[in-house]
Every structure is written in C-alpha cells, then in structure tokens.
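A.B. asks: Sharing a structure here in structure tokens format.
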Amino acid sequence: MISPTVTSHRRLVLGVLGLVAVLLVMSVLSVVLGARSVGLSTVVTALTDYQPADSDQQVVQARLPRLFAGLLVGAALGLAGAVMQGVTRNPLADPGLLGVNAGAAFAVVSAIAWFGITTAIGYVWFAFAGAAIVMVLVYAVGSLGRDGATPVKLALAGAAVSAMLTSVTTAVLLTDSATFNQHRFWTVGSLSGRRLDVVAQLAPFVAVGVVLALGAGRLLNTLSLGEDIARGLGQRVGTARALAAAAAILLCGAATAIAGPIWFVGLIVPHVARMVTGPDHRWILPYSMLLAPILLLVSDVAGRLVTRPGEVQVGIMLSFVGAPFLMVLLRRRTREL
Amino acid sequence: MALGIVARARRRREVRVGVVSVALAAACFAVFCVSLALGDVDIPIPEVVRTLFGAGDGGTGYIVSQLRLPRALVAVLAGAALGLSGAIFQSLVRNPLASPDIIGITAGASAAAVIALLVFGLRGFPVSVAAFAGALGAAAVMYALAWRQGVSGYRLVLAGIAMAAMLTSVVSYCLTRADVYAARDALGWLTGSLNAKSWATVRTIGPGVAVLVPLTLLAGRWLAALQVGDDLARVHGVRVERARLGLLVLAVALAAVATAAVGPVAFVAFVSGPIARRLAGGGIALVPAALVGALVMTAADVVAQNAFPSTQFPVGVVTAIVGGPYLLWLLMTTNRSG
Amino acid sequence: MRSSVRWTGPVSLVLGALLVAGCASDADSAGEPGDARELDSPVTVEHRFGTTTIDTVPQRVVTIDLQWTDVMLSMGVEPVGYTVDSLMPDSTVPWQDLPEGATALPLDDGVPVEQILALEPDLVVGSYSISDQETYDLLSARVPTVAGPAADAVTPWQELVRTAGDVLAEPDKAERVIDSVDGKLNTAARELPQLEGKTFALAQYIVGDSMYIVADEQDGSSLFFQELGMRLYPPVLAEGERTGDTRVNVSTERSDLLRADLLAFLVNGGDESDLSDIPGFDQLPGTVAVLDYPTIVGLNTPSPLSIPYSLEKVEPYLGDAAA
C-alpha cells in the first residue's frame with residue numbers, strides 16, 4: 001500500500017521533531033512579544049515568581065491563556081481540515097465549507113438576540129452546539145440519495161445550508177443593531193482575552209477529537225483509493241466516514257467555540273503537510289496538527305505587533321499570512337491539485 | 001439512422017429548453033406585476049396599468065412609476081446577469097462550487113465597496129464604481145494566479161477561495177474599526193439591496209446588461225464546444241484558451257455590473273445554473289439560467305418587502321431562504337452527483 | 001448551442017422594449033400644495049445634496065435619525081414618523097417621549113422611501129441616514145427634504161435646533177431650548193470647579209478583543225466633557241493624531257493609555273466584572289464610570305433631550321473625579 005521507505009520514514013520523523021521545536025519557539029515568542037513591550041527578565045519573573053502588583057507581569061500572565069487557546073484551536077482546526085479533505089477526497093474541503101461557521105454564527109446571534117445572553121462565556125456553548133448541529137445536518141442532507149455523501153453533494157449541501165443560515169443571521173443583525181455591535185467583533189476570530197476556564201472546559205472535546213482523528217489515518221488512506229476499492233478491501237466505508245465526521249465535528253465545534261470562526265487554517269495546512277509527507281494520512285495528520293498551531297501563533301503574534309498599540313485579530317492576520325502562502329503554493333505545484 | 005436519432009434528440013431538447021424558458025419568463029412577468037402592486041400602499045393591478053400609461057393620480061403614480069417600476073426592473077436585470085454569470089462559471093470550471101459569490105469575485109466587489117464606504121466615507125454612485133473595479137480586479141488576480149499553461153478547474157476555485165478569504169477578512173476588519181452606525185450601513189450594502197433604486201440605477205445597469213447578455217448568449221456556442229474536452233474542441237477549430245478567456249471575461253463582467261448596482265446578493269448566481277439545468281433536462285441551458293436568476297431575485301424582493309408587516313428586509317437576506325431549500329431538495333432527489 | 005443563439009434576438013428585443021417603456025414613463029409628477037401657514041420669508045437650508053427651501057410651516061414632519069427626532073420633540077412638534085434606532089433596548093431611547101399615533105420607521109433596508117411617502121409628510125429631516133443622492137432625489141421630488149452636512153462633518157445640535165426654530169417660525173423657542181440645556185451644563189461646571197483641567201477618556205471594551213478609545217476632540221462626548229472644563233487625556237489625543245483615527249484601537253495590554261482622571265467605559269459583550277481582564281486595571285488612578293449603552297449614545301450624539309439624561313447619569317462620577 002502506501003508506506004514510505006525507511007530513509008524517508010526517518011526524514012518524516014525528523015520533520016515532526018523539527019516542527020515541535022518550531023512550535024516551542026513560537027510559544028515562547030507569543031509570551032514574550034505583544035502590544036506592550038516587556039523585557040525578558042520581566043517575563044521570566046512573571047512565570048517563576050509572580051508579583052500581581054506589577055502590571056507588566058500581569059500582562060505576561062494574561063498572554064498564557066492566549067497561548068493555550070492558540071495551541072488547542074490550531075491543532076483542532078489543522079486536524080479537522082486534514083480529516084475532512086481525506087474523507088471527502090476534495091482538496092477544497094475546509095470545515096467552513098460544511099457550514100460550521102455559519103452554524104456557530106447563527107447560534108451565537110440567536111443567543112444574543114433571543115436568549116439575552118450577552119456575555120462571551122455565555123454563548124460559548126451555543127457556538128459549539130450550533131457548529132456541531134449544522135455539520136451533522138449538512139452531512140445528513142449530503143448523504144441522502146443513492147450514492148451517499150459524495151464530495152460534491154457535501155460541498156453543495158454545505159453551501160446551501162450556510163447561505164440559508166447566514167441569511168437568517170443577517171436578517172437578525174440588520175434589525176437588532178445591538179446584536180450586530182457584538183457579533184461584528186466575534187465573527188472575526190480572536191484569541192485575545194480567552195478565559196482559561198472556558199478553554200479548559202472545551203479541551204476534553206478537542207482531546208477526544210484528536211484521538212479519533214489521529215486514529216483514522218489508516219482509514220483515510222484506504223478511503224483515498226476510492227470507495228469501491230475500499231469496500232473491496234473490506235473497509236466499512238459508511239462507518240469510516242461517520243467516525244471521521246465525528247472527529248471533525250468535535251474539533252471544529254470546540255475550536256469555533258473558543259476562538260470564533262477561524263477560516264482557512266483547515267484548508268491550507270493539509271496541503272502544505274501533504275507537500276512534505278506525501279499522500280500517507282498517518283503522516284499528514286500529525287503534520288497538520290503541528291503546522292496549524294504554528295501558523296496560528298505566527299498570525300497572532302504578528303497581529304499584536306503590526307498596529308501597536310492596537311491589535312489585529314488572529315482571524316484577519318491569518319488570511320493575510322495564509323492567502324499569499326496558498327497563492328505561492330498554487331504557482332509552484334506542478335502536479336494537478 | 002443514427003444521425004436521425006441524434007437530430008431528433010437535439011430537437012426534443014431544444015423544444016424542452018424553449019418551453020421551460022417561456023414558462024420561466026411568464027412566471028417572472030407575473031411576479032414582476034405583483035411587485036408593482038404590493039407594498040406599503042397596495043395598489044390594485046388595473047390602477048397600476050393605468051399609471052404606467054400616463055393616467056392615475058400623483059401620489060400612487062409616483063410610487064408605481066418612480067419607485068416600484070425601476071426597482072423591479074433592476075431586480076430582473078441584476079438577477080438575470082447573476083444567473084447567467086453563475087451558469088457560465090459553473091460550466092467552464094465544471095464545478096458547481098465555482099460561482100462568483102464563492103470564488104471571490106463578489107468578495108472583491110465587497111472589499112472595494114466597504115473600503116469606499118468606511119474608509120473614504122463615500123456613498124451612492126462612487127461606491128458602485130468601486131465595487132465594479134473591485135470585482136474586475138479580483139477576477140484578474142485570480143486568473144493570473146490560476147493560469148499555468150491554461151486554467152484548470154480546481155486551481156481556479158482554490159485561488160478564488162483564497163482571494164475570497166483575504167477579501168472577506170478585509171471587510172470584517174473594516175467593520176470592526178468603524179463606528180456602529182457606519183458599520184451597519186456597510187452591512188446593508190453587503191447584504192445586497194434593491195431599496196431606493198430609481199431610474200438612475202436602471203440607466204447604469206441597463207446598458208451594461210443589454211450589451212453583455214446577448215454577447216454572452218452568442219458565446220454560449222463556445223461553452224458547448226468546450227464541454228467535450230479541450231482536445232476534441234481544438235480538433236473542431238475552437239481556440240480553447242481564447243474561448244475560455246472570453247467566456248470568463250463576460251461572466252465576470254456580468255457579475256461585476258450586477259454587484260455594482262445592487263451589492264453582492266448571495267446565492268442567485270450559485271443556484272440558477274443547477275435549477276435551470278434540472279428544469280431543462282441536462283446540458284447548459286443559459287437562457288433558463290438567466291430567467292431563473294431574474295425570477296429568484298424578483299420573488300425574493302417581493303417577499304423581503306411584504307412578508308413582514310412592520311419592516312422590510314434587503315433582498316439579499318431572502319434569496320438564500322428562497323433558493324436554498326430548492327437546492328437542497330434537488331440534492332436529495334438527484335441520483336447522480338452534481 | 002444553437003438554441004441559445006436563437007434566443008438572443010427575442011431576449012434583446014424584450015430588454016430593449018422594457019428600457020424604452022421605462023424611459024417613457026420617467027416623467028415627474030408635480031407635488032400637491034398643502035394648506036399650511038406660510039412663512040414670512042422662505043427658509044433655505046443647505047446640506048450635502050444642495051439646498052432646500054421651505055415656504056410653509058410644516059404640519060406633518062418625518063424625522064430620520066435620533067438627533068432630529070429629539071430636536072423636534074424638544075420644540076414641541078410630534079413627528080408623524082420617526083426612525084427607530086434598533087441598537088436601543090426595545091428600540092426606544094430612555095429620554096424620548098414618543099407620540100402614540102406616530103409611525104416607527106425601521107431602517108433595516110435603508111431609508112423606507114415608500115413608507116415615508118405613504119405618510120404624506122410635508123417635511124422630511126434627516127442627518128447621516130439620507131446618505132446617497134438617489135435616496136435624496138426620490139424623497140425630495142415629492143417632499144422638501146433636509147439632509148445632513150457632508151460626510152465627515154457633524155452639525156452641532158444647537159444649529160439643528162435653530163434650523164428647526166426657523167422652519168417652525170419659532171426662533172425664540174429655539175433659543176430657550178438651547179439656553180436651558182447649556183444652562184444645565186454650566187451649572188454642573190460651576191458646582192464642581194475642581195474639574196477644571198482634569199483629564200477624561202471614553203472607551204469601549206470589547207470583551208475578548210480589544211478597546212476603542214475616543215480620540216477626537218470634536219466628538220459629541222468630548223465636547224460634553226470639555227464644556228465641564230475637562231480635557232481629553234493627552235496620550236490618547238496624541239495617539240489619535242498619530243493614526244488619524246477618531247477612535248483608536250488599543251490592546252488590553254496597554255492600560256497605560258487609561259490613566260485619565262475620569263475614565264468612562266462601555267463594556268460590549270460582558271459586564272463590569274470583565275474589566276478585570278485588562279492587566280493593570282485595578283491600579284488605574286482615575287475614577288472609572290461604567291456606563292450603559294443609551295448613556296453613551298446620549299454623549300456621542302448630543303441633543304437637547306439626551307444631554308440632560310447623560311449628565312444625570314454621569315454626575316456621581318464627576319464628583320469623584322473632581323476630588
């Protein structure tokens with residue numbers, strides 16, 4: 001089947017270690033750098049001998065939940081994207097395509113407008129539920145019909161459901177500007193001010209999703225040969241799809257609940273991973289899981305530095321970091337995408 | 001004998017397309033008339049007709065001839081342009097996801113318009129010009145990126161999604177930096193609206209559509225030729241890259257003109273092609289696509305204005321609610337993918 | 001395909017016919033005169049779309065935008081239609097006493113021209129919402145319409161009141177309204193002389209994001225505090241001048257920009273307790289006034305009715321800041 005040779009296996013392992021190293025460096029940078037310039041000695045003191053009275057140290061401490069959120073959200077989105085691209089065999093599959101962002105947005109807007117929940121902690125669970133329910137709905141609709149959840153049908157179902165939900169969301173936003181005034185900030189996707197307790201509550205979902213996703217590597221390899229061959233090889237295609245979908249739903253739901261709708265990571269990270277690892281999903285998945293947080297942290301740190309004393313939210317920086325990268329990818333790839 | 005069968009099949013299909021087109025046109029006309037009669041002031045149809053031909057009193061006459069008639073016309077023109085544009089994109093790229101509102105063309109218009117609205121504080125016609133330029137610019141960049149000895153479907157859609165992501169981010173960023181009243185105005189534009197579209201807008205969009213639609217229908221010949229595959233098309237004397245570029249330019253221009261006039265109305269371009277194809281029994285079906293677009297737009301506007309007693313919504317809010325369920329139903333009942 | 005070519009002709013004909021029919025009925029119908037009282041001399045109002053001349057005292061006024069609604073109400077005029085600000089809880093502003101029979105006009109899809117004309121007004125006044133030429137033309141063809149000044153300019157509320165006074169032939173009343181409101185502010189300034197020279201800053205904290213601080217000395221809220229003798233916190237002013245923004249975006253890490261004597265806060269997406277998200281918040285030297293949304297609107301878009309309301313809400317904090 002698809003098994004790398006011994007030498008390239010070693011290369012791939014080294015690659016993983018390299019990525020871990022880069023991730024560690026980015027983690028340190030995200031604590032050291034920010035809108036307020038804080039000296040390295042202050043950073044060290046804040047982490048080892050915390051003095052609450054010193055506002056510089058408070059700033060450093062405040063950066064930690066941001067880092068954890070970034071790691072968690074990045075890993076979740078990277079994995080979810082890789083899983084979805086594997087399951088749908090569509091290199092354009094991005095969690096957003098299955099309606100996760102539209103679902104979360106609709107749920108959050110409903111929470112603010114109809115349930116009177118105006119605190120961010122309050123509507124975190126709405127976001128999670130909205131994302132999860134819509135993905136299930138899209139999957140269900142896309143699976144109807146004789147040939148099940150083909151890539152095209154999934155994408156079309158996702159686009160239709162997203163558009164309908166976005167319509168209703170926009171209608172509410174236009175009539176209720178107070179909700180709009182909150183929603184326009186949430187919808188950008190941000191890691192700033194994430195509460196550690198919220199992140200901790202959502203972490204188990206990410207953990208389960210990660211386990212499911214990483215375990216699905218072999219399944220995805222078989223699926224990528226085509227459904228008929230996969231069935232011929234004894235693979236239960238429907239179960240495989242359902243498991244992968246469950247992983248994607250958990251990961252996307254939790255990530256969107258923590259940081260708001262962050263687009264794009266799930267789309268391009270698997271492509272980059274694939275460029276390095278080749279088509280074996282058992283390597284694409286861990287590479288995606290490491291690359292995505294790196295990309296997210298780079299965007300977050302960059303966002304804190306470019307418009308001091310202000311900040312550009314990570315969701316926006318990501319597009320400006322990721323899109324050119326994707327375009328370069330498009331120019332360089334000789335193989336058919 | 002085989003030729004006879006093919007000829008008969010082709011004729012049958014042409015008849016079906018013709019019947020479908022006439023039916024759609026009739027439906028569109030009916031909705032058009034309804035939109036002239038309904039509103040905050042309900043005007044019975046005989047009164048509407050009288051007003052159109054000069055008679056009728058000042059107040060209702062003004063409402064019919066200066067408010068509702070141009071609005072309905074803009075709806076038809078923009079809807080047809082969007083429907084046609086979407087159908088061409090989807091056929092060219094052979095991917096139903098390749099609709100101008102998904103692959104960044106309307107995102108380009110939106111970004112340019114939002115910058116004009118929120119950064120430069122412009123309103124009205126300059127915003128339309130910015131939107132038009134933004135759409136063309138985004139399309140040009142996308143094409144340049146995706147071009148590599150020709151343009152492949154996936155590459156174009158991927159480049160489009162990348163552009164859409166970046167441009168949507170620009171829009172979101174601008175919306176967070178503006179004060180809430182200005183941001184809400186921008187949201188209104190971004191939804192796509194036919195409100196207060198007068199004869200001035202008809203004069204802007206009319207000539208563009210009147211020129212582009214016939215050109216596009218003529219170019220539809222190439223579309224059929226390209227469907228059989230590049231090599232076979234070349235054998236038949238079609239200059240494949242030129243044909244593709246020409247069709248793309250026309251499709252982008254149609255989307256740009258419509259978006260400049262009414263804003264990025266979602267979903268019309270996306271859904272018209274598949275619906276038209278289904279009604280016409282397969283194939284490309286350009287005229288039905290244009291008519292479906294016009295029908296969706298006018299119907300959505302009637303609903304948007306009249307469904308809620310205390311308020312009216314921009315048409316862009318309703319188009320997806322009108323078109324979406326039908327598309328989902330199509331998905332659930334088709335046996336073959338796409 | 002051949003079928004699409006065959007349709008090109010008929011389609012173009014139909015499109016052309018529609019356009020021709022449209023152009024033919026593009027004639028304006030004249031407005032009808034009302035039987036209202038004539039003004040001694042016509043009042044001409046200049047605005048971004050030109051000038052509007054008003055000959056008769058309006059009986060049926062439609063007010064678009066909050067300021068104009070407040071101005072008309074303070075002059076004792078009950079509009080037949082007014083636009084609602086859907087940002088407000090229940091879409092009503094706490095300082096307004098709106099007439100029962102009037103129509104609330106939603107701005108969900110821009111200015112609802114047909115709905116306004118159906119009310120048969122004889123004057124339409126608005127500020128920023130009448131924002132493009134097309135809407136203005138559609139309205140002004142049937143009814144005298146007053147729009148706001150050019151895009152970035154803000155008309156001081158006193159001018160709006162004086163215009164209303166001229167149009168309603170009650171200039172003395174207009175002056176009385178202005179004096180009463182100014183009088184309240186002057187009284188407050190006199191009672192707290194220690195406010196003179198103290199610094200203020202008005203900020204919005206988006207929970208889970210960053211802060212936006214008003215850096216424009218000409219903003220309604222800045223004028224309010226300046227009339228009490230205070231001045232805009234210099235570092236914020238400097239930041240505004242550096243970036244050219246009227247509201248500067250500030251990360252929560254930069255609590256050094258919040259060290260004004262009076263810090264007015266609006267918390268968006270949370271409540272007062274979320275302010276502790278900001279590192280260094282507990283060490284800020286000044287008085288923190290956590291205000292609600294209507295009060296902030298009252299400060300940002302001042303009018304004869306909103307200023308007394310906001311003053312009442314802010315007064316307790318002024319005492320603290322003066323100390």
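Just so it is clear, none of the values below were taken in a lab; they were calculated from the coordinates. Predicted model only: the values in this text are computed from it and were never measured. For neighbour counting, all protein chains shown are included, and Cβ atoms are generated from backbone atoms with ideal geometry for every residue, glycine included.
A.B. asks: Looking at chain A, do any whole DSSP H helices span at least 30 angstrom along their long axis by alpha carbon and average 0.5 or above on Kyte-Doolittle, and which?
C.D. replies: Taking the DSSP H segments of chain A (at least 30 Å long, mean hydropathy at least 0.5), we get A:6-32, A:55-88, A:151-175, A:237-259, A:281-306.
A.B. asks: Using the scaling law 2.2 N^0.38 Å as the reference, what is the normalised Cα Rg of segment B:1-72?
C.D. replies: Normalised Cα radius of gyration, segment B:1-72: 1.80.
A.B. asks: For the pair C:GLU241/C:GLN194, report the inter-label distance in nm, with labels modelled 7 Å from Cα in the Cβ direction.
C.D. replies: 3.0 nm
A.B. asks: Take chain B, mark every one of the trypsin sites (Lys or Arg not before Pro) that falls in a DSSP loop and has at most 16 other Cβ within 10 Å, then report the longest stretch left between them, sites excluded.
C.D. replies: The longest such stretch corresponds to B:240-335.
A.B. asks: So what is the 222 nm mean residue ellipticity for the protein assembly as shown from helices alone, if each DSSP H run of at least 4 adds -39500 (n - 2.57) and you divide by all residues, rounding to the nearest 500 deg cm²/dmol?
C.D. replies: That calculation yields -21000 deg cm²/dmol at 222 nm.
A.B. asks: With r as the distance between the Cβ atoms of C:GLU100 and C:ASP40 and R0 = 30 Å, compute the FRET efficiency 1/(1 + (r/R0)^6) and round to 0.05.
C.D. replies: Working: r = 33 Å, r/R0 = 1.09.
The formula returns an efficiency of 0.40 here.
A.B. asks: Return a single number: how many Lys pairs in the protein assembly as shown, at a sequence separation of 8 or more or on separate chains, have alpha-carbon atoms below 29 angstrom apart. Don't skip to the end; give the middle numbers.
C.D. replies: On the way: C:LYS173/C:LYS184; C:LYS173/C:LYS313; C:LYS184/C:LYS198; C:LYS184/C:LYS313; C:LYS198/C:LYS313.
Value for the protein assembly as shown: 5.
A.B. asks: To the nearest 10 degrees, how steeply does helix C:306-322 sit against the main Cα axis of chain C, on a 0 to 90 scale?
C.D. replies: 20 degrees
A.B. asks: Based on DSSP H assignment, which helices of chain B show an axial Cα extent of at least 20 Å together with a mean Kyte-Doolittle hydropathy greater than or equal to 0.0?
C.D. replies: B:2-37, B:69-93, B:125-146, B:153-177, B:199-227, B:240-262, B:286-306, B:315-333
A.B. asks: Report, as an integer, the average count of C-beta atoms from other chains found within 10 Å of each Cβ along C:230-240.
C.D. replies: Numbers: counts 0, 0, 0, 0, 0, 1, 0, 0, 0, 2, 0.
The mean count of partner-chain Cβ atoms within 10 Å per residue comes to 0.
A.B. asks: I want to check the label-to-label distance for A:ARG231 and B:ASP230. Put each point 7 Å from Cα in the C-beta direction and report it in nm to one decimal.
C.D. replies: Taking the two extended label points, one gets 3.4 nm.
A.B. asks: Further question on the same structure: I'd like to know which of B:ALA186, B:TRP199, B:THR176 lies farthest towards the positive end of the charge dipole of segment B:123-253, counting +1 on Cβ of Lys and Arg and -1 on Cβ of Asp and Glu.
C.D. replies: So the residue furthest toward the plus end is B:TRP199.
A.B. asks: Kindly state, to the nearest 0.05, the FRET efficiency for B:GLU241 paired with B:ARG8, given R0 = 35 Å and r defined as their beta-carbon distance.
C.D. replies: 0.50
A.B. asks: Next question. Counting other C-beta atoms within 10 Å, which of C:SER210, B:SER198 has the fewest, and how do the rest follow?
C.D. replies: B:SER198, C:SER210
A.B. asks: For chain A, with only Lys/Arg (+1) and Asp/Glu (-1) charged at the beta-carbon, what is the dipole magnitude about the Cα centre, in debye rounded to 20?
C.D. replies: Working: 23 positive and 13 negative charges, 167 e Å.
That gives a dipole near 800 debye.
A.B. asks: Something else: Using a 10 Å Cβ count of at most 13 others and DSSP loop calls, identify the longest part of chain B lacking such chymotrypsin sites (Phe, Trp or Tyr not before Pro). Don't skip to the answer; put the middle values down first.
C.D. replies: Working: sites that count: B:PHE53, B:PHE120.
Maximal segment without exposed cleavage sites: B:121-338.
A.B. asks: At a Förster distance of 22 Å, what's the computed FRET efficiency of A:VAL16 paired with A:ALA207, Cβ-Cβ distance as r, to 0.05?
C.D. replies: Result of the calculation: an efficiency of 0.70.
A.B. asks: What angle, in degrees between 0 and 90 and rounded to the nearest 10, separates the Cα long axis of helix C:234-243 from the longest principal axis of the Cα atoms of chain C?
C.D. replies: 40 degrees
A.B. asks: Give, rounded to the nearest 20 debye, the magnitude of the charge dipole that segment A:178-287 has about its Cα centre when Lys and Arg contribute +1 at Cβ and Asp and Glu contribute -1 at Cβ. Please list the in-between numbers first.
C.D. replies: Working: 9 positive and 4 negative charges, 13 e Å.
Rounded to the nearest 20 debye, it is 60 debye.
A.B. asks: Still on this model: Peptides A:18-31, A:67-80: what's the order by average Cβ count within 10 Å, highest mean first?
C.D. replies: Ranking, from highest mean packing down: A:67-80, A:18-31.
A.B. asks: Report, largest value first, the span of the C-alpha coordinates of chain A along each principal axis, in whole Å.
C.D. replies: Here the Cα extents, ordered largest to smallest, are 67, 56, 37 Å.
A.B. asks: So what's the Cα pair-distance distribution over segment B:260-311, bin width 10 Å, in %?
C.D. replies: Histogram of Cα-Cα distances, whole percents per bin: 25, 43, 25, 7, 1.
A.B. asks: Rounded, prolate or oblate: which one fits segment B:204-269, using the alpha carbon gyration tensor with axes a ≥ b ≥ c (rounded when a/c is under 1.5, else prolate when a/b beats b/c, else oblate)?
C.D. replies: Numbers: a/c = 3.26, a/b = 2.29, b/c = 1.42.
Verdict is prolate for segment B:204-269.
A.B. asks: Local charge sum around A:ARG218 (other residues, Cβ-Cβ under 15 Å, Lys/Arg +1, Asp/Glu -1)?
C.D. replies: Spelling it out: positives minus negatives among the neighbours equals +2.
A.B. asks: 5 Å is the cut-off here: which amide hydrogens, built 1.01 Å from N in the peptide plane, fall below it relative to C:THR56, excluding neighbours closer than 5 in sequence?
C.D. replies: Amide H neighbours of C:THR56, under 5 Å, 5+ apart: C:LEU39.
A.B. asks: Also: Just need the Rg to Rh number for segment A:32-174, please, alpha carbons only, Kirkwood Rh.
C.D. replies: 1.15
A.B. asks: How high is the relative contact order of chain A? Use alpha-carbon pairs under 8 Å, at least six apart in sequence, and give a whole percent.
C.D. replies: So the answer I get is 30 percent.
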